[in-house]
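Report on the structure given below.
The values are calculated or read from the model by the stated rules, or taken from the named source; none is laboratory data. No experiment lies behind these values; they were computed from the predicted model shown. Positions of Cβ are generated from backbone atoms using ideal geometry, with glycine treated the same way; all protein chains shown enter the neighbour counts.
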Amino acid sequence: MRLSLLYYVPILGLCLAVRLIVWLTYEPWRVDYTQRLTIGGDPKAYYHLAQNLYAGKGYRWLSQELLSEFPFWRWRYGEYEAIWTPGYPATLALVMCVTQSTAVSYLVIFQILCSTAACFVLMRSAELLQGARLGALVGLGFSLDPLLVNLSLVLLSESVFILCASLWVYTTSSIITAPSNEGLLSRIFSNAVSVGLCIWLRVGTVALLPAIFVWAMWILYRRRLPIARLLQMGMLWLLLLYGILLPWYARNYLVYGQWRLSCISSFSLLAGLSFRQPSSQRYQEYRRLFESARSLAEAEGVNPDVLSPFGRARYWQAVAIQEYLSDSTAAVYAHLKRMTATIVFTDFANWRRFSGNDGRLSLLVRGMWGWFVAWHVFYATALLWVIMRVLRRSFVEPLRSYVVGALAVSCVSIAVMVNNAEPRGRLLAVSICLPCIAALGTSRRLEQQQLNVETLFDENKEKDLRNL
């Protein structure tokens, strides 16, 4: 049964209201609001790139201040960006064009609307899988999750990425629940497009492509497609995805002579090694690693100051491999430590940092801490319950196909992020697992219904046999 306005309006209203209320804790009326939200790191870099696009200066680095904050050979003044795909800065620049302003408040309001739209799409996805009740529970979970709320209020690519990720979830759910195999072509097309948009917004999604592709093919296989048709669908999916990313491949070839999407893998591989050190020494380790790459280039007689990002990436990768081989145990331990931090920590520290509540232990701070921690404990407990029920094969189709695939992709999404130990690294896992957790509140009833049908069928079969 389709969700009616009785469900959608209050849940989406709650989603929007919660985000606006939490936004007030950032005190956007204060004169230092823009400074706090662009305090450094990725938010400051995204904002700088968006401003350059809005001013018609191109997708390039034109800030000496940023160069001084990242003195590790990450970029050069005037250089065109080659690590991040331009989806998120371009989206911010488009909002600036519409509003004719670079004010951060307009950007945050747009992100809040994107988050609310993502809530709607995920509700529709869950409704496809198991009806109105599951959709409503997913909407409530999305509305109240503090990680999803907080990420919509800061200048990070995840704030808009979540909308494209929810579109991918919707198209995946539509493939699982398609009434026949006749209309699969359009669903495969929309699935590939949504994954391509995710990569345009967050280039790290590329590392997930094998898992996403295998999940899509597994779903088609379970639909009992002939092998030849299955292979055709797989090739079509890959060709569509490549076609969506083709403009950025062409741009990098025209600018740098490299037919590559990004050099994110080499950069992240080297930067991730800094997690071998305690947090107090990570900055120095980060600097040492990139200066080692620079020294390696100089040792080969190459001037590092004239190398393109792809040229530098060759030395980043070489140093990373050397470091991994020299002490693989420490590298593996650092990666496990990073994964643990991504899973265990809440986003409360980032809320305090960006909202300016760093030094105030007020009632508001205590309340926000309680919300972040309580929800995180609830979500982790529910997810463990989901895993136990998967092992017991308790879920029924079509939800079972979704739950198994979502859990697998979630694990991969956290494992492949070698350069992120922040809670935002689990954003994709949190969002695509919401239907799995919400199903705990609905699947028992459906399982009982299925059991009653099977019992009735068995009883009728026995009667027929006795009549014979």
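Quick check on the stretch 299-311: of everything there that is part of a helix (DSSP H, G or I) and modelled with pLDDT of 90 or more, which residue is farthest from residue 84 (Cα to Cα)? So the residue we want is 299. When every residue of the stretch 256-272 is checked against the conditions, at least one turns out to be touching a strand residue (DSSP E or B) at 6+ places or on another chain (Cβ under 9 Å) and either modelled with pLDDT of 90 or more or crowded, with 19+ Cβ neighbours inside 10 Å (or both). Scanning the stretch 344-386 for residues that are touching a residue at least 12 places away in the same chain (Cβ under 8 Å) and aromatic (Phe, Trp, Tyr) yields 345, 348, 351, 354, 369, 371, 372, 375, 379, 385. Of all positions in the stretch 269-278, at least one carries a residue that is under 28 Å from residue 328 (Cα atoms) and either β-branched (Val, Ile, Thr) or outside any helix (DSSP H, G or I) (or both).
Among the residues here, residue 282 qualifies as more than 20 Å from residue 318 (Cα to Cα) and part of a helix (DSSP H, G or I).
Looking across 255, 195, one residue alone is assigned to a helix (DSSP H, G or I), out of contact with any Cys (no Cβ under 9 Å at 6 or more places or on another chain) and touching a residue at least 12 places away in the same chain (Cβ under 8 Å). It is 255.
Determine if the stretch 385-399 includes at least one residue that is within 25 Å of residue 41 (Cβ to Cβ) and surrounded by 15 or more Cβ atoms within 10 Å (Cβ to Cβ). Taking every residue of the stretch 385-399 in turn, none turns out to be within 25 Å of residue 41 (Cβ to Cβ) and surrounded by 15 or more Cβ atoms within 10 Å (Cβ to Cβ).
Condition check for residue 231 on (1) under 28 Å from residue 155 (Cα atoms); (2) surrounded by fewer than 16 Cβ atoms within 10 Å (Cβ to Cβ); (3) among the aliphatic types (A, V, I, L, M): one failure, at (1). Between 260, 314, 287, the distinction of being basic (Lys, Arg), free of Cβ contacts under 8 Å to residues at least 60 places away in the same chain, assigned to a helix (DSSP H, G or I) and farther than 30 Å from residue 26 by Cα belongs to 314 only. Could you grab me the full set of residues in the stretch 169-186 that are free of Cβ contacts under 8 Å to residues at least 40 places away in the same chain and either surrounded by 19 or more Cβ atoms within 10 Å (Cβ to Cβ) or in contact with an Asp or Glu (Cβ under 7 Å, 6 or more places away or on another chain) (or both)? 171, the sole residue that qualifies. If only residues of the stretch 382-416 that are among the polar types (S, T, N, Q) and over 18 Å from the mean Cα position of the chain (by Cα) are counted, the one that is farthest from residue 195 (Cα to Cα) is 394. In the condition set (1) in contact with a strand residue (DSSP E or B) (Cβ under 7 Å, 6 or more places away or on another chain); (2) part of a helix (DSSP H, G or I), residue 78 is compliant with all but (2). Residues that are surrounded by fewer than 17 Cβ atoms within 10 Å (Cβ to Cβ) and among the charged types (D, E, K, R) within the stretch 315-351 comprise 327, 337, listed in sequence order.
What do you reckon, is residue 137 of a type outside the set (Gly, Ala, Ser), surrounded by fewer than 24 Cβ atoms within 10 Å (Cβ to Cβ), in contact (Cβ under 8 Å) with a residue 24 or more places away in the chain and under 15 Å from residue 13 (Cβ atoms)? For residue 137, the condition - of a type outside the set (Gly, Ala, Ser), surrounded by fewer than 24 Cβ atoms within 10 Å (Cβ to Cβ), in contact (Cβ under 8 Å) with a residue 24 or more places away in the chain and under 15 Å from residue 13 (Cβ atoms) - is not met.
Here is the figure for the stretch 18-44: residues that are within 23 Å of the chain's Cα centre (by Cα) and either part of a loop (DSSP other than H, G, I, E, B) or over 18 Å from residue 101 (Cα atoms) (or both) total 10. Checked against the criterion of being surrounded by fewer than 19 Cβ atoms within 10 Å (Cβ to Cβ) and at pLDDT 95 or above, the candidates 201, 246 yield just one match: 246. Considering only residues that are of a type in the set (A, V, I, L, M, F, W, C) and crowded, with 19+ Cβ neighbours inside 10 Å, which ones fall in the stretch 187-198? Hits for the stretch 187-198 are 188, 192, 195, 197, 198. Residues in the stretch 55-64: is at least one in contact (Cβ under 8 Å) with a residue 12 or more places away in the chain, in a helix (DSSP H, G or I) and crowded, with 18+ Cβ neighbours inside 10 Å? Checked the stretch 55-64: no residue is in contact (Cβ under 8 Å) with a residue 12 or more places away in the chain, in a helix (DSSP H, G or I) and crowded, with 18+ Cβ neighbours inside 10 Å.
Within the stretch 32-63, restricting attention to residues that are among the hydrophobic types (A, V, I, L, M, F, W, C) and within 17 Å of residue 107 (Cβ to Cβ), the residue that is modelled with the lowest pLDDT is 39.
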